[in-house]
Amino acid sequence: MPELPEVETVVRGLRASLPGRRIVAVRLGKTDFIDDPASFERDLPGARIESVARYGKFLLLHLAPGNGAGGSTAERSCLVVHLGMTGQLSPRRAEEPPAPHTHAFFALDDGRELRYTDIRRFGRLALVPESGLERFLGGLGLDPLEATEQEFRLRLTGRRARVKALLLDQHVFRGMGNIYADESLWRAQIHPARHAARLTPAQVTQLRRAIRETLRAAIRLRGSSVSNYLDAEGRPGEYQRRHRVYRREGKACPRCDKKIRRVVVAGRSSYFCPCCQPAPRRRVRGGSRLTATSRAVR
């Protein structure tokens, strides 16, 4: 699933060419992933794209009102897009043959079409009034690139959940996903199964720094293409070449040469170095200790 760096890369690509363009027509194919498809055909024609932004893993196309098929629409709105697992949003020349599984065509006033393609259709498209946008996106947590050190610390302090689970929880930190949680924890030398409450203040600071450095590096390289992800220009990302642990089970750790292992944390495969990221220990009957890596999946 595209995570924060991939969505940010798409947003930056769309931001370079979409603001100021007007949507002149809408054509829809399969619509099972679209909230109220009729509103797209009724209200989008005539709307002008004012800006493109990211909120967590959501793309936001802020629209000035226009004259839709159903009459004048005075309220400002926002086209909200979640790419799901295989969604792609990119402008194309109208005469260019559409890629398979292209389900939404937004004709623009410069002769191009903004097309949404989604093989598995796990994405989501919605046209939301600006007045209802906060409610629509409500409940999402802090953006890890914007959170101050104090805000970041408060999200972890006293939490008994495992740190990997908290990083994946969109109500805690919006935009994080499996790839960058694993890569950040490796950089911070913290095991994914550590309980957040047991992190030292220095480790919390180190983790925040690691997350920010990892995300920014991934954005510079236009994200990670480990499956179907392509940016707004149809190009794959390059950060997958810099992965240190993600999907590298059995390969050497770039820092210490020990073999990368995989363990299930919060229901997700989690990759880590058993040397650089020491496993937490817990007491069992008899006074012995059991490490989290004893449950590693090999």
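Using alpha carbons only, how many degrees (0 to 90, rounded to 10) separate the axis of helix 178-188 from the longest principal axis of the chain?
40 degrees
With a 10 Å Cβ neighbour count serving as the proxy for reagent exposure, in which order, fewest first, do SER77, SER90 appear?
Fewest-to-most Cβ neighbours within 10 Å comes out as SER90, SER77.
Could you compute the FRET efficiency for ARG220 and ARG93, with r as their C-beta to C-beta distance and R0 at 30 Å, rounded to 0.05?
Values: r = 28 Å, r/R0 = 0.95.
So the FRET efficiency works out to roughly 0.60.
Place a +1 charge on the Cβ of each Lys and Arg in the chain and a -1 charge on the Cβ of each Asp and Glu, then give the dipole magnitude about the Cα centre in debye, rounded to the nearest 20.
2500 debye
Residue separation times 0.36 nm, minus the C-alpha to C-alpha distance between ALA161 and ALA202: what's the value?
Extra length from ALA161 to ALA202 when fully extended: 12.9 nm.
Arrange the peptides 106-114, 182-190, 54-62 so that the one whose residues have, on average, the most other Cβ atoms within 10 Å appears first.
182-190, 54-62, 106-114
Of the options VAL163, VAL24, PHE152, report the single residue whose Cα projects farthest towards the positive end of the charge dipole of the chain (beta-carbon charges: Lys, Arg +1; Asp, Glu -1).
Most positive-ward Cα: VAL163.
For the chain, what does -39500 (n - 2.57) per DSSP helix run (n ≥ 4), summed and divided by total residues, give at 222 nm, in deg cm²/dmol to the nearest 500?
-7000 deg cm²/dmol
Using Cβ contacts closer than 10 Å as the measure, can you line up ILE119, ILE34 from fewest to most?
Exposure proxy ranking, most exposed first: ILE119, ILE34.
Quick one: grab the alpha carbon gyration tensor of the stretch 4-136, order the square roots of its eigenvalues as a ≥ b ≥ c, and give me rounded if a/c is under 1.5, else prolate or oblate depending on whether a/b is larger than b/c.
Rounded shape, in that the Cα axes give a/c under 1.5.
Ordered by packing density, taken as the mean number of other Cβ atoms within 10 Å over each peptide's residues, highest first, how do 7-18, 218-229 rank?
Ranked from most to least packed, the peptides come out as 7-18, 218-229.
Based on the alpha-carbon gyration tensor of the chain and its eigenvalue square roots a ≥ b ≥ c, which shape applies: rounded if a/c is under 1.5, prolate if not and a/b is larger than b/c, or oblate?
The shape class here is prolate.
Residue separation times 0.36 nm, minus the C-alpha to C-alpha distance between LEU154 and GLN170: what's the value?
Going from the current span to full extension adds 4.2 nm.
Between GLU41 and ARG247, 0.36 nm times their residue separation minus their Cα-Cα distance comes to what?
Residue separation times 0.36 nm, minus the Cα-Cα distance, leaves 69.9 nm.
With everything on Cα atoms, drop me the angle between helix 201-220 and the longest principal axis of the chain, reported from 0 to 90° to the nearest 10.
40 degrees
How would the stretch 116-267 be classified by its alpha-carbon gyration tensor: rounded, prolate or oblate, with rounded meaning a/c under 1.5 and the a/b versus b/c comparison settling the rest?
Oblate, because a/c is 1.5 or more while a/b does not exceed b/c.
Describe numerically, in nm with one decimal, the distance between label points set 7 Å from Cα along Cα→Cβ at THR31 and at LEU145.
3.4 nm
Bear in mind that the values in this text are calculations on the coordinates, not laboratory data. Predicted, not measured: the structure shown is a model, and the values here were computed from it. Note that we place each Cβ from the backbone using ideal geometry, even for glycine, and neighbour counts take in every protein chain shown.
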